[in-house]
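> Before anything else, here's the structure in question.
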Amino acid sequence: MLSQTELDALRAPIRFEAEPAGRRLRFESTWGLFSPREIDAGTALLLRHLQVAPDADCLDLGCGYGVIGCTLAALAPQGQTLMVDKDFVAVDFARRNAALNGLDNAAAQLSNGFADIDPARRFDLVASNIPAKVGKELLTILLHDARARLNPGGQVYVVTVNGLREFMKRHLREVFGNYDKLKQGSHYTVALALR
């Protein structure tokens, strides 16, 4: 049986530093969130292929504890970055991580996809590490909603497990009229579509 000290250590926030897209950032997370001790391989691959204008208004869709969103906010200091997730613990840690890194241009809120985002809000860039298990129905909704919320010329970047590569290719072409495979690794594929 664990001692109280060991239990307290498990309950304490997990802390680590990383350099996504060349920006030194600090993160706190907790057990139960996706990849709590380090940036996962899919997200790391996505972040190596983002092209972000310094004044871009960005959305991290399904933000977890905010790795993508904090990186976007650091890369686009003159823009605003919104991070959304349907998990309140993830949103809490995303907010903490924006504050921890002094990213005043980043905010986080609860939302299942675009459902609770202000309908008038538009973005120049949407990025997501899409979980494979959300189902193709939700993926379809997310892609259509992303297109509707992007400014003309806006970009959507997604990273998926390779098993979803063909699905994303078909649906990005169907919804956006274009598809660009930026990188295919051994397990993940990064794709881009333009509005």
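> Show me the strands (runs of 3 or more DSSP E) entirely contained within region 149-195 in which 2 or more residues are surrounded by fewer than 17 Cβ atoms within 10 Å (Cβ to Cβ) and free of Cβ contacts under 8 Å to residues at least 60 places away in the same chain.
Counting at least 2 such residues, we get 150-161, 180-184.
> What pairs come up if the first residue lies in region 32-44 and is of a type in the set (A, V, I, L, M), the second is surrounded by fewer than 17 Cβ atoms within 10 Å (Cβ to Cβ) and part of a loop (DSSP other than H, G, I, E, B), and their beta carbons are under 8 Å apart, counting only those six or more places apart or on different chains?
Taking only residues 6 or more apart or on different chains, the pairs are ALA41/GLY185; ALA41/HIS187.
> Now, a different point. Would you call CYS70 closer than 15 Å to ASN101 by Cα, of a type outside the set (Asp, Glu) and buried (at least 23 other Cβ atoms within 10 Å of the Cβ)?
Yes: the conditions hold for CYS70.
> Need the failing condition index for ARG96 against (1) in contact with a strand residue (DSSP E or B) (Cβ under 6 Å, 6 or more places away or on another chain); (2) at positive phi, just the number.
The single condition ARG96 does not satisfy is (2).
> While we're here: Taking region 14-30 as the search range and keeping residues that are free of Cβ contacts under 8 Å to residues at least 24 places away in the same chain and surrounded by 12 or more Cβ atoms within 10 Å (Cβ to Cβ), which one is nearest to ALA76 (Cα to Cα)?
Per the criteria, the residue is PHE16.
> Still on this structure, please answer the following. Within region 1-13, take every residue that is of a type outside the set (A, V, I, L, M, F, W, C) and part of a helix (DSSP H, G or I) and give me the one that is farthest from ALA73 (Cα to Cα).
Among residues in region 1-13 that are of a type outside the set (A, V, I, L, M, F, W, C) and part of a helix (DSSP H, G or I), the one farthest from ALA73 (Cα to Cα) is GLN4.
> For region 113-159, give me each residue that is more than 14 Å from the chain's Cα centre (by Cα), of a type in the set (S, T, N, Q) and at pLDDT 95 or above.
Residue satisfying the conditions is ASN151 alone.
> Confirm whether ALA94 is over 15 Å from the mean Cα position of the chain (by Cα) and either in contact (Cβ under 8 Å) with a residue 40 or more places away in the chain or not in a loop (DSSP other than H, G, I, E, B) (or both).
Here the answer is no, as ALA94 does not meet what is asked.
> Next question, about the same structure. Quickly run through region 43-80 and pick out the residues that are within 20 Å of VAL161 (Cα to Cα) and acidic (Asp, Glu).
ASP60
> So which residues in region 39-91 are hydrophobic (A, V, I, L, M, F, W, C) and assigned to a loop (DSSP other than H, G, I, E, B), if there are any at all?
Listed by number, the residues that qualify are ILE39, LEU50, VAL52, ALA53, ALA56, CYS63, ALA76.
> Go through the residues of region 123-131 one by one and say whether even a single one is surrounded by fewer than 19 Cβ atoms within 10 Å (Cβ to Cβ), in contact with a strand residue (DSSP E or B) (Cβ under 6 Å, 6 or more places away or on another chain) and over 24 Å from ILE39 (Cα atoms).
No: zero hits.
The values are calculated or read from the model by the stated rules, or taken from the named source; none is laboratory data. Source: prediction; values computed, not measured. Note that each Cβ is placed from the backbone with ideal geometry, even for glycine, and that neighbours are counted across all protein chains shown.
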